[in-house]
Ligand SMILES: [Mg+2]
């Protein structure tokens, strides 16, 4: 069976839990969690991932900085990125998309939207 490795970079444990719960409905999914941008950078640089879900507001290193670093790195620049933004934070969302994020999710997170966005970027049904 095809494996889909997903990296979740999100500082809120509750939010990570919601995302993990939604993503477990994908067949063959392998989920790794990171708790801030720096942790995310370490993990995304040291293993293969098929997609990354990245929160914007995080301590240590925020999501915008992480997206910029990923897109500037030859080995990482093609990873599909879904940015997670707060409702109303349209500027953050636009900046993330301008930096190369492929899609966005708005909090509060809806499992069906998470799945449809991730499925379409992974090109699985
Ligand atoms: Mg956050």
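The values are calculated or read from the model by the stated rules, or taken from the named source; none is laboratory data. The structure presented is a predicted model; accordingly, all values stated were derived computationally and were not measured. Cβ coordinates were reconstructed from backbone atoms using ideal geometry, including for glycine residues, and neighbour counts include every protein chain displayed.
Looking only at segment 1-10, residues that are part of a loop (DSSP other than H, G, I, E, B) and closer than 15 Å to residue 109 by Cα come to 1 in all. The set of residues in segment 11-53 that are part of a helix (DSSP H, G or I), touching a residue at least 60 places away in the same chain (Cβ under 8 Å) and closer than 14 Å to residue 63 by Cβ comprises 15, 19. If you go through segment 1-10 and keep only what is under 19 Å from residue 119 (Cα atoms) and either within 16 Å of the ligand (Cβ to nearest atom) or without any contact (Cβ under 8 Å) to a residue 24 or more places away in the chain (or both), you end up with 7, 8, 9.
Of (1) in contact with a helix residue (DSSP H, G or I) (Cβ under 8 Å, 6 or more places away or on another chain); (2) within 15 Å of the ligand (Cβ to nearest atom); (3) under 19 Å from residue 107 (Cα atoms), residue 61 satisfies all except one. Which? Residue 61 satisfies every listed condition except (3). Residue 117 falls short on exactly one of the conditions (1) crowded, with 17+ Cβ neighbours inside 10 Å; (2) over 21 Å from residue 36 (Cα atoms); (3) in contact with a helix residue (DSSP H, G or I) (Cβ under 8 Å, 6 or more places away or on another chain), and that condition is (3).
Residues that are closer than 19 Å to residue 6 by Cα and in a loop (DSSP other than H, G, I, E, B) within segment 75-101 comprise 75, 76, 77, 78, 79, 80, 100, 101, listed in sequence order.
For segment 76-90, the tally of residues that are more than 11 Å from the ligand (Cβ to nearest atom) and at pLDDT 95 or above stands at 8. The residues of segment 111-125 that are at pLDDT 95 or above and either farther than 18 Å from residue 12 by Cα or outside any helix (DSSP H, G or I) (or both), listed by number, are 112, 113, 115, 116, 117, 118, 119, 120, 121, 122.
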